[in-house]
Structure formats: C-alpha cells, structure tokens
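Undergrad: I have a structure here, written as structure tokens, and I will follow up with some questions on it.
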Amino acid sequence: MVQLLQTNAQAAPAKPRPRVRLLPYLLSLPALLVCVAILVPFVTAAVYSLQRYRLNLPHLRGFIGVGNYIDFLSDPAFWNTFRVSITYTVVTVVLELLLGLGIALLLRRPTRFHNAVSIMLLLPLMTAPAIAALMWKLMTNPSFGILSYLVGLFGVTDFKWASDPSSALFTVVLVDVWVYTPFIMILLLAGLRSLPRQPFEAAALDGVPASFVFFRITLPMLAPYIITASLFRLLDSIQQFDIIYAMTQGGPGDRLMVFQVQAYLEFFQYTNVGRSAALLMILWLITNILSNIFIKNWLRLRERAHGHA
C-alpha cells in the first residue's frame, strides 16, 4: 500500500510555480512595450492627418476627414516631393547595390587581407549620417573644399556641388553611397561566403565560363540576400532625412524636397500639423506597399532556391 502511494505521488504532475507561470509574460513584455511605443505615435499621426490642425491657429482646429490627402492631389509641391523621393531612392539603391555586389565579389575569399579590407570599408557606416553630411559639405565647399580643389585639377572650375540645382542630387547621392554601400557589401559578402561550394566546384571541373557561373549560379543563389539588402536600403532611402537636411535643407529651392524634409518643414516651419502627419501617413503607405512586394519576391526566391518552386 505504501509503495502504491509512493508510485502515485511520483506519477502526479508537479504544479508549476507562480514565477514559472509568469515567465512567458515577462519575456514578452519588452516586445509589448515596443509595440505600444510604435502604435501610439502611429495612431496619433493618423488622427492628426484627418484634422485641420495648425499650431498658430488653434481655434481653426477641426475634423476634415481626408481633406489633407485630397489637397495633395492638386498640389504640385506634393508631386515634386513624390518624384524627388522616388528618384533619390532608386538612384541610391541601384548604385549601392552594384558597388556593394562588386566589392563583395572581390572580397569573397576569406583571407586575412580581404578581412582587413572589409573592416576598413565599414568605417563610413560607423559615421552618423548627419556628421558625414557636414563633413562632405565642408569638403565640397566651392571656396576651400578639398574635393573642389581636386576637381579643379581636371579643369572643372567653379563646381557648385550641393548649392547648384543641377548638381545637388548628384552630391547628396554621392554622400549616401559613401555612407551606406558598406552595409550592402557586408550583407552580400556574408551571403557569398555562405553559398554551397559544390556547384562552383562542379562548374570549375567542367570548364564552365566565369560569366555563365556568375549569371546562372551565383546570382540566382544570391538573390534572397540581394532582395534583403535592397529592401533595407530602400526603406531607409525613401525616408532619408539626415543627409539631405544637413547638406541642403531640401534645396536649392525644392530640388531635394523629399517626404521627411517636407514633413519636417510643414510641422516646424509652417506649424501645419495636419499636413505634416498626412505626408508621413502617405510615406508609410508607400513603404508598406514596397515592403510587401519585396517580401513576396524574397519568399518566392527562397522557395525556388530550396527546390520547392
């Protein structure tokens, strides 16, 4: 009888302690706080975007529905902002992707020299974008900038860089490429070094041309990494603020008036909270659409790479 009671006592499941029961909730608490910290400003901006809300005219505040959004459809300044933002995003992402891929291909072999070079190339990424923009603003100063002096040696005199509407976009793109190309390079380099060696070894034994190996083996296998790097940079470029505002404040004129700079000026310079919030909500919608497109393509390519497509 005693032995039977001992057996039943051993078989009975032990009740979890209160601390153990609370552990999953405690572990998920930081994620919940982050979610709340994101949702509260987002909902606030969405509410403000549906209002006529100017800080200097508080008595005119009221609900106007989608009035701010409708006004943008007939506003040439908005379409200029849209065009500049898309142009800046496409140019920077394409250039950084091409340069990052080229550098990653050169450094794909994990030698000591290649590792040292890759570490040195990461230095621009460690510089704050605003600090990098101010540094380049000094280097491109037409009067005493070192870059102005260097281009003058090749016969290019009085080059205005960011102060000229014809070269302003080129200048800020140059700064963006200098800062963020290492980001794409390090992601693609990690992808290249993680690719299986068997297809490349088989191609080398069969004497397959290098161009065929690159376009038919390397690129398809590297496509998920390329899409991931492009998505990160696309979302960052279309929301660019630091480099453009530090160098030109959206100028000359409205030549570099991207979404973030326009929303900043609407809020702090024109005190129009409603229009500023509406611009940010449109920017969120654009980034959401682009993210979904990239993620769907990434999932499709990943399935194809694993042989499930």
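The values are calculated or read from the model by the stated rules, or taken from the named source; none is laboratory data. As the structure is a computational prediction, the values presented were derived from the model and not from experiment. Because the Cβ atoms are built from the backbone with ideal geometry, glycine has one as well, and the counts that use them run over all protein chains shown. These accessible areas exclude ligands, DNA and RNA; they are computed on the full protein's heavy atoms, side chains included. Shrake-Rupley method; radii C 1.70, N 1.55, O 1.52, S 1.80 Å.
Undergrad: When the Cα atoms of the chain are enclosed in a convex hull and the volume is divided per residue, what value in Å³ results? Numbers along the way, then the final one.
TA: On the way: hull volume 88.7 nm³, N = 309.
It is 287 Å³ per residue.
Undergrad: Return the whole-Å distance between the Cα centroid of the range 74-104 and the Cα centroid of the range 126-171.
TA: The range 74-104 and the range 126-171 have Cα centres spaced 20 Å from each other.
Undergrad: Can you give the direction-averaged projected area of the convex hull of the alpha-carbon atoms in the range 208-309, in nm²? Let's see the in-between values first.
TA: On the way: hull surface 36.2 nm².
Spelled out: convex hull of the Cα atoms, projected over all directions, averaged, 9.0 nm².
Undergrad: To the nearest Å, what is the center-to-center distance of the range 256-285 and the range 188-225, using C-alpha atoms only?
TA: Here the answer is 45 Å between Cα centres.
Undergrad: Counting only protein heavy atoms, what percent of the accessible surface of the chain is carbon or sulfur at a 1.4 Å probe? Walk me through the numbers on the way to the answer.
TA: Working: 13070 of 18810 Å².
Carbon and sulfur together cover 69 percent of it.
Undergrad: Right, here's the next one. With a 1.4 Å probe and every protein chain left in place, work out the accessible area per residue of the chain in Å², rounded to a whole number.
TA: Details: 18810 Å² over 309 residues.
Ligands and nucleic acids excluded, the figure is 61 Å² per residue.
Undergrad: Taking only Cα atoms and a 10 Å spring cutoff, compute GNM fluctuations for the chain and point out the largest among Ala229, Ala37, Ala45.
TA: Ala37
Undergrad: Roughly how many nanometres apart are two label points built 7 Å out from the Cα toward the Cβ at Leu26 and Leu122?
TA: Computed distance between label sites Leu26 and Leu122 equals 3.4 nm.
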